Structures are given as C-alpha cells and as structure tokens.
Amino acid sequence: MNCRSKIRAIALPLVLWCIAFLAGLVILTGGLVSGWIESESLAERKFVARQMALSGIALGLNPAVENGSPLLRHGNKNTEGYEVKLTNEAARLNPNFWIQSGNRAVFNRLFASWGASLDAAEAGIDSLQDWIDADDFGSLNGAERGDYEQAGRPGYPANRPLKHIREMESVMNLAPLLAAKQGWQDDFTIWYSGKISIQHAQEPLLKALAELTPSQCQSLIQMRAGLDGIDDTADDQKLESIEAVADFLGAGGKQRADLLEFFDTSGDMRRIESTGWCGGISHKIVVIAPTGANEQMMSWEER
C-alpha cells in the first residue's frame, strides 16, 4: 500500500471520530444549557413568588385594609399573584402564659377535644411544664434532663419559656399528641399573652374550652361580625364583657364559669399570612403585628 492510500485509510476513522465527538459535545452542551435555563427559570419564579408575597404583606400591614377587601387577592395560582389571609393572634392559646399561670385545665380540655387520653394529656402537660420552668425537678409524668439524656438528647429541656411554637415538637411526651393532630399550630401562639380574646376566638377553641354548642358558636360569631358578616371589620360588634357574652348565649353554670376562666374581651394583634405564586412556585410569609400604627412588628417568618 502506497503512502497516499495509508493516509486515506487513517483519515476516514479520524473524520468519523471527530463527527461523533462533535455530536456528543453538542448534545452535552445542549443539556447543560437546558439545565442552566431551567435553573434560571426556577430561580426567577421563586424570586417573583416572594415579591408577590411581599406585596400582600405590604397590604396586610396597612390598618385601612380590612378582611373582605378585594385588594387581598390578586392574579391566580396558574400564572402569578398573591392571596392574603388576615386573622387575629389573640384568638390563640399561649402555652407560656397558661403554664406560668398554673392552669392545666386549658390544656386538658384542648387535648381531650383532639381525642387524646387523659394519661397522654397529663404526660404532655407535665413535660411542657418541665420544659418551661427553670428548675430540674421533674413533674409526676413529665421529663427532665435525665430523661432526655437517656433518650440521646442531651441539653434538653430548655428550662425557659418557648421561643417558637415549633419548639413544642421537641417536648418529650407532648410531641406524639401534636403529631397526631393535623394543623395543631393553629391553636397556639407565643406572641399574644393573656386569656383568649372572645372577640376573635373561633369555633374549635370555643367548643373545646367552654363546651359551647355549634349553634352557640355560630350565634356568637355572627353577632360580633356585624352587618357585613366578616370578622375584623369596622362594623364589628364590640363585646364589652364575658358576662354579657354569656347572657347573650344563654350560658349558665359550667359554660359561664368556663367562659370566665379561659376568655377575655381584650386583645388585638393582627396576623398576616401572605402567599405569593409564580408559575407553580409558591412562597408564604407570616407576620405578627400589633394593630397600632406606631407599634413594632413582632414576628416575620418565611416558608
């Protein structure tokens, strides 16, 4: 074979190899570019969803914006927009307040309404007491430092008031009760301290703590909401005293005593939950802010 023939014989495989190499390079580059574009698109949608949520928070913080306002919803979940839910933190139960007040009944009533046994409820309450109090003396059915160490959790309990509701999930004997109750966080707060506001309390707590009937709950909620039927608006009927509420509901004996023990007419703290969307991505911001115009924001949480 002469030299020219040898060169031709070698050139063909080289050309084919180069073509295959370039094709692979194109495919690889295309995949990288596609992944980069998808990543950039996801980042952009997350950014826009957060901006939508921030827009909702700005509206919710405006004391002139009330429940039922069309401004509280914009756009839709399929494209982009936000939705704002306004509630009142004073409608929730503060575990720090009730433990430090020495009131166990409020927890027993609540846990019983969840379907918990008395023994499980007592163990959960004792463990919460041991978590919040400053000493290392264990309650009858509770859990102190030695119990946590045996469970492989040194450094617990905190021996201080809860700093976040989610801390309750770390409390031995209480965690199983919470895990069995979907949406348990909706019953609790650490920001509003005091008895639950009858002006804002919702049916689940009214039934659990004062054993009001569904009919009584609805009568109370409708009466206080005023003519527009929406809570936390300008035409709300202000409740002057628990005694007057009990009279309105025809509550006597145990119901009246429970209303007086667990509820009060004071308390007003706006809770703003703003969810923003963009292209299937959502971002939620929860803000707790006192109602007064000059009051400082108490909590900002993003999810």
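Out of LYS181, LYS163, which single residue is over 15 Å from PRO95 (Cα atoms) and either free of Cβ contacts under 8 Å to residues at least 40 places away in the same chain or surrounded by 13 or more Cβ atoms within 10 Å (Cβ to Cβ) (or both)?
None of the other options fit; the residue is LYS181.
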Taking the condition farther than 30 Å from LEU59 by Cα, at pLDDT 95 or above and not in a loop (DSSP other than H, G, I, E, B), does SER215 pass?
yes
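So, in the stretch 95-111, exactly how many residues are closer than 19 Å to ALA158 by Cα and either assigned by TED's automatic domain parsing to the domain that holds ILE285 or in a helix (DSSP H, G or I) (or both)?
First, pick out the residues of the stretch 95-111 that are closer than 19 Å to ALA158 by Cα: 95-102.
From what is left, the residues that are either assigned by TED's automatic domain parsing to the domain that holds ILE285 or in a helix (DSSP H, G or I) (or both) are 95-100.
Of the residues in that region, 6 qualify.
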Yes or no: ASP232 under 30 Å from ALA143 (Cα atoms) and touching a residue at least 40 places away in the same chain (Cβ under 8 Å)?
no
Filtering the stretch 191-223 for residues that are surrounded by fewer than 19 Cβ atoms within 10 Å (Cβ to Cβ), of a type outside the set (Gly, Ala, Ser) and either assigned by TED's automatic domain parsing to the domain that holds SER101 or within 27 Å of VAL286 (Cα to Cα) (or both) leaves a count of 7
Any residue at all in the stretch 85-104 that's more than 30 Å from PRO176 (Cα to Cα), of a type in the set (Asp, Glu) and either within 22 Å of the chain's Cα centre (by Cα) or crowded, with 16+ Cβ neighbours inside 10 Å (or both)?
no
Please verify whether the stretch 192-203 includes one or more residues that are closer than 30 Å to GLY250 by Cβ, of a type in the set (Phe, Trp, Tyr) and either in contact with a helix residue (DSSP H, G or I) (Cβ under 7 Å, 6 or more places away or on another chain) or not in a loop (DSSP other than H, G, I, E, B) (or both).
yes
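Which residues, taken from the stretch 224-249, are in a loop (DSSP other than H, G, I, E, B), in contact with a strand residue (DSSP E or B) (Cβ under 7 Å, 6 or more places away or on another chain) and either at pLDDT 95 or above or not assigned by TED's automatic domain parsing to the domain that holds LEU260 (or both)? Walk me through it before giving the result.
Start the filter on the stretch 224-249 by keeping residues that are in a loop (DSSP other than H, G, I, E, B), which leaves 226-241.
Next cut, in contact with a strand residue (DSSP E or B) (Cβ under 7 Å, 6 or more places away or on another chain) only: 232.
Scanning the stretch 224-249 gives no hits.
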Any chance ASP186 is of a type in the set (D, E, K, R) and within 17 Å of the chain's Cα centre (by Cα)
yes
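What residue, among those in the stretch 255-303 that are part of a loop (DSSP other than H, G, I, E, B) and small (Gly, Ala, Ser), is surrounded by the most Cβ atoms within 10 Å (Cβ to Cβ)? Let's see the steps before the verdict.
Here is the first cut: in the stretch 255-303, the residues part of a loop (DSSP other than H, G, I, E, B) are 265-268, 279-280, 291-298, 303.
Okay, now just the ones that are also small (Gly, Ala, Ser), so 266-267, 279-280, 292-293.
Numbers: SER266: 11, GLY267: 21, GLY279: 15, GLY280: 11, GLY292: 10, ALA293: 8.
For the stretch 255-303, the residue satisfying everything is GLY267.
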List pairs: first residue in the stretch 262-285 and under 27 Å from GLN237 (Cα atoms), second residue buried (at least 22 other Cβ atoms within 10 Å of the Cβ) and among the acidic types (Asp, Glu) anywhere in the structure, Cβ distance under 8 angstrom, at least six positions apart or on different chains.
MET269/GLU89; ARG270/GLU89; ARG271/GLU89
Kindly list the number of the only condition in (1) of a type outside the set (Lys, Arg); (2) without any contact (Cβ under 8 Å) to a residue 24 or more places away in the chain; (3) surrounded by fewer than 20 Cβ atoms within 10 Å (Cβ to Cβ); (4) within 21 Å of LEU93 (Cα to Cα) that fails for PRO154.
(4)
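The values are calculated or read from the model by the stated rules, or taken from the named source; none is laboratory data. Keep in mind the model is a prediction, meaning the values are calculated, not measured. In this analysis, Cβ positions are derived from the backbone assuming ideal geometry, glycine residues included, and neighbour counts consider all displayed protein chains.
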